[in-house]
1. For A:E58, indicate whether it is within 14 Å of chain B (Cβ to nearest Cβ), under 24 Å from A:G16 (Cβ atoms) and without any contact (Cβ under 8 Å) to a residue 40 or more places away in the chain.
2. Do you know which of the residues in the stretch B:80-96 that are in a loop (DSSP other than H, G, I, E, B) and within 11 Å of chain A (Cβ to nearest Cβ) is surrounded by the fewest Cβ atoms within 10 Å (Cβ to Cβ)?
3. Give the residues of the stretch A:49-75 that are of a type in the set (A, V, I, L, M) and touching a Leu at 6+ places or on another chain (Cβ under 8 Å), sorted by residue number.
4. Evaluate the following for B:F102: is it more than 10 Å from chain A (Cβ to nearest Cβ), crowded, with 20+ Cβ neighbours inside 10 Å and within 22 Å of A:Y87 (Cβ to Cβ)?
5. Among the residues of the stretch B:41-76, which ones are of a type outside the set (G, A, S), facing chain A (nearest Cβ under 10 Å) and within 19 Å of A:F88 (Cβ to Cβ)?
6. If we scan the stretch B:16-24, do we find a residue that is touching an Asp or Glu at 6+ places or on another chain (Cβ under 7 Å), closer than 17 Å to B:P104 by Cβ and surrounded by 12 or more Cβ atoms within 10 Å (Cβ to Cβ)?
7. Please go through the stretch A:43-64 and give me each residue that is surrounded by 21 or more Cβ atoms within 10 Å (Cβ to Cβ) and over 30 Å from B:T51 (Cα atoms), ordered by number.
8. Does B:R36 satisfy being of a type in the set (K, R) and either away from chain A (no Cβ under 14 Å) or more than 19 Å from A:F102 (Cβ to Cβ) (or both)?
Amino acid sequence: QQKVQQSPESLSVPEGGMASLNCTSSDRNFQYFWWYRQHSGEGPKALMSIFSDGDKKEGRFTAHLNKASLHVSLHIRDSQPSDSALYFCAASEGTGGYKVVFGSGTRLLVSP
Amino acid sequence: GGIITQTPKFLIGQEGQKLTLKCQQNFNHDTMYWYRQDSGKGLRLIYYSITENDLQKGDLSEGYDASREKKSSFSLTVTSAQKNEMAVFLCASSMGLDTQYFGPGTRLLVL
């Protein structure tokens, strides 16, 4: 079983809409979480990190972490066609040499 | 800002061949990673290195070797390419457990 599971696998939202992506960990030792975005043909780029319970906002992006339920989410408001990409959740225990585990991704399509 | 360079961009090999992929970073980061990504899927960790001359196995290390020759470079070797194998290999670097910065990838096709 994958230690970091993302849902949905794919998501379609209209331009200007809200996109909500979810990530659940099966490993209670994971304490550090990131969201990455990958456009076609490129390497992933970090969107934001979140290490504490609660919300973290950066521009149109808001991440929410609940360590008790091992759940982290990413919300994109006022979605733009340029937000269409593959989004990854990543997690780490923070010990043992910085090993990071990635989820399988959510493919977001924002239609004009 | 820094940059991660991966060479080659495309690699076509033959079954059974030993293939080497190279990665250079100028961020002065301590930690470097190699991931494999199969068509539009998630990233699987092959090897990582927390400092020069260090090597740590990831979940997918079988069939691969790695070498951290110096702080700025990290190489990955496919020890015996599998027929019809097709994947993107991504190199990344970070300062400790901080955000990872990725290169553009090397696309491998084995005939």
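1. Criteria met by A:E58.
2. B:G96
3. Across the stretch A:49-75, the qualifying residues are A:I50, A:A63, A:V72, A:L74.
4. no
5. B:K41, B:L43, B:R44, B:L45, B:Y48, B:D59 - these are the residues of the stretch B:41-76 that are of a type outside the set (G, A, S), facing chain A (nearest Cβ under 10 Å) and within 19 Å of A:F88 (Cβ to Cβ).
6. No, there is no match, as no residue in the stretch B:16-24 is touching an Asp or Glu at 6+ places or on another chain (Cβ under 7 Å), closer than 17 Å to B:P104 by Cβ and surrounded by 12 or more Cβ atoms within 10 Å (Cβ to Cβ).
7. Selection gives A:A63 alone.
8. The answer is no for B:R36.
Computed from the coordinates by the stated procedures, all read-outs in this text should not be read as laboratory data. All figures in this text were calculated on a predicted structure; none of them were measured in a lab. We place every Cβ from the backbone using ideal geometry, glycine too, and count neighbours over all the protein chains shown.
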